[in-house]
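Notes follow the structure.
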């Protein structure tokens, strides 16, 4: 099996005034995308992304409000790279299940026809498609943002503990695609996390995962609990969402061990869906087959 | 739309019902049309009943046998009950997404005030996920994905009194998931002499069920199969808790009728009909009406044909052979098994065509011909 490459870029100087620094995140993104492409020039890669992604959807995770959602600074740093590389901002939409979630995480809505768009599936004239999508027992309608508005997607998850799934990371973030996410939580979300990501409308459109590790939460999720949230000061990038979540699981587990918390398995919520995702051919879950490149920048 | 104008349109639009009974273009709103304008502000903020708090803001819902473990900011399987900072809230109290004035026969209740109407209401949400659901567009969605109307228990009772509608039916989706609203509305409307009936899958835990039975007058349970495997594969639920609920309802003395939707190839074997009827006779009573109803392809089961009438007639005959007194065939207007026959003399007591009533020869709860008592709630 070919190894999956995951790049983790960190910086001790990421935070200023309590928030992650946008310029620093921009630098981390460029370093990360370069390493992901064997050291190629970042500007060239952003240009390729700008050219090849058509109408592009960016999916942050905004469940945790301002405290534990994908940092606006990270999303906007990515947009800045893409626009600088020639992407028409009219062709970019930052989206979530609801506009309220985006707003609660600090995103500025734009449901108009011009400029960078930012809205939820519940925005006027959006909604869900009419065709059922299914890769298993549960069938769902899919947001029109994914089904028809966007040609490609970049996933911008955060990393946190989840009381049922064990870990909420890249693949769990796409629960926001379907109209009935509450039907996908039985059996520790297995095989449901994998099955949602196996929907062709996700699998074929998602081109990159950029996990926001500026803050992580290793216990008490998915709601925000400050006592378990830490500034991790990093981002993680890969084209393999399973590998990103496998590394994410390792990070969460390390923090749990360090803080004398039971393992996810002992807590009754091992992320079994990682192996299921690997079996479905969505990526690599075995750390032995993941090429993790870690770099720190000033 | 304001509640008043919404309700005014109700009567005028009674002919616009779809198969499940909701007024699609007026009330439910399809997912296609769902949009955000102010809708989230209309979701309710009422604390749910029947849940247990765990550490770190996690709760366990104790309303239905699923017993969802729900963390902060998450919802249960039903999609209409949400953990908000460790307090479990119902989002659909008084938030009605579907309503209509239906014949009571449509529920169906055949032994409960025949020929009367029921003010029938639903909210979004369901605690199972049947692949054949006729009303999936309200049962399998979240409350913010349909258009809701504010209809408080007071307003609901008032509408019934004004319109002289004797009964409220909690129906269409799954009333168990809007339990708090149903309970409050039943308590309130009873003060005005209004009856309350529940149309449910019966997937509910004992305590909330027993509490509910104190305030409602009749329950119709959709017993979707007599097989655990079917419940697992097709319903996404469990059979045994439904059987337990049926026993509790019957033992409580609340009027009970059962519907069994016969789905071709999946739950239409003679053995299963027979086992079901034997169980009803032994564990409930031969007097409990059992309606064998016709399946029509919809939702995730568009690959199967409608149930052949011959299959339904076979089920009917098996029920009679097993000793049930009141089997019926449903969704086949004009079939003679829509009628109620006297188990004493065999005469037609209530003649039906679809939801319409013809002659009714039940007098003071007895057959007008031979005097045999006919179980039911007749007045």
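The values are calculated or read from the model by the stated rules, or taken from the named source; none is laboratory data. All values derive from a computational prediction rather than experimental measurement. Using ideal geometry, Cβ is built from the backbone for each residue, glycine included, and neighbour counts are taken over all protein chains shown.
Looking at A:254, A:298, which is the one that is free of Cβ contacts under 8 Å to residues at least 24 places away in the same chain and over 13 Å from residue A:7 (Cα atoms)?
On the way: A:298 fails: free of Cβ contacts under 8 Å to residues at least 24 places away in the same chain.
Only one candidate passes the filter, namely A:254.
Does at least one position in region B:336-358 carry a residue that is surrounded by 14 or more Cβ atoms within 10 Å (Cβ to Cβ), in a loop (DSSP other than H, G, I, E, B) and modelled with pLDDT under 95? Yes, the conditions are met somewhere in region B:336-358.
Only one entry of A:194, A:198 meets the criterion of being out of contact with any helix residue (DSSP H, G or I) (no Cβ under 6 Å at 6 or more places or on another chain), more than 14 Å from chain B (Cβ to nearest Cβ) and modelled with pLDDT of 95 or more, and that entry is A:198. From the list B:273, B:295, the lone residue that is at pLDDT 95 or above, touching a helix residue (DSSP H, G or I) at 6+ places or on another chain (Cβ under 6 Å) and under 29 Å from residue A:137 (Cβ atoms) is B:273. Total residues in region A:219-233 satisfying the condition of being under 18 Å from the mean Cα position of the chain (by Cα), within 12 Å of chain B (Cβ to nearest Cβ) and under 17 Å from residue A:257 (Cα atoms): the figure is 1. Within region A:148-157, not a single residue is within 24 Å of residue A:273 (Cβ to Cβ), within 18 Å of the chain's Cα centre (by Cα) and within 12 Å of chain B (Cβ to nearest Cβ). The single condition among (1) buried (at least 17 other Cβ atoms within 10 Å of the Cβ); (2) at pLDDT 50 or above; (3) closer than 30 Å to residue B:117 by Cβ; (4) away from every other protein chain (no Cβ under 14 Å) that residue B:48 does not meet is (3).
Residues in region A:105-122 that are farther than 21 Å from residue A:212 by Cα, within 10 Å of chain B (Cβ to nearest Cβ) and at pLDDT 95 or above: A:121 only.
Checking region B:272-287 against the condition returns no match, with no residue being surrounded by 21 or more Cβ atoms within 10 Å (Cβ to Cβ) and not in a helix (DSSP H, G or I). Going through (1) at pLDDT 95 or above; (2) facing another protein chain (nearest Cβ under 7 Å); (3) in contact with a helix residue (DSSP H, G or I) (Cβ under 8 Å, 6 or more places away or on another chain) one by one, residue B:91 falls short only on (2). The residues listed here are A:136, A:129; of these, the one that is over 18 Å from the mean Cα position of the chain (by Cα), within 13 Å of another protein chain (Cβ to nearest Cβ) and modelled with pLDDT under 95 is A:136.
Of the strands (runs of 3 or more DSSP E) lying entirely inside region B:40-94, those carrying at least 1 residues that are without any contact (Cβ under 8 Å) to a residue 40 or more places away in the chain are B:51-53, B:59-61, B:81-84. Screening residue B:86 on (1) more than 14 Å from chain A (Cβ to nearest Cβ); (2) farther than 20 Å from residue B:195 by Cα; (3) surrounded by fewer than 24 Cβ atoms within 10 Å (Cβ to Cβ) shows it passes everything except condition (1).
What helices (runs of 4 or more DSSP H) completely inside region B:102-213 contain at least 3 residues that are surrounded by fewer than 24 Cβ atoms within 10 Å (Cβ to Cβ)?
On the way: elements: B:136-139, B:153-163, B:179-190, B:206-213.
Fully inside region B:102-213 and qualifying: B:153-163, B:179-190, B:206-213.
Scanning region A:217-246 for residues that are part of a helix (DSSP H, G or I) and surrounded by 23 or more Cβ atoms within 10 Å (Cβ to Cβ) turns up A:241, A:242, A:243, A:244, A:245, A:246.
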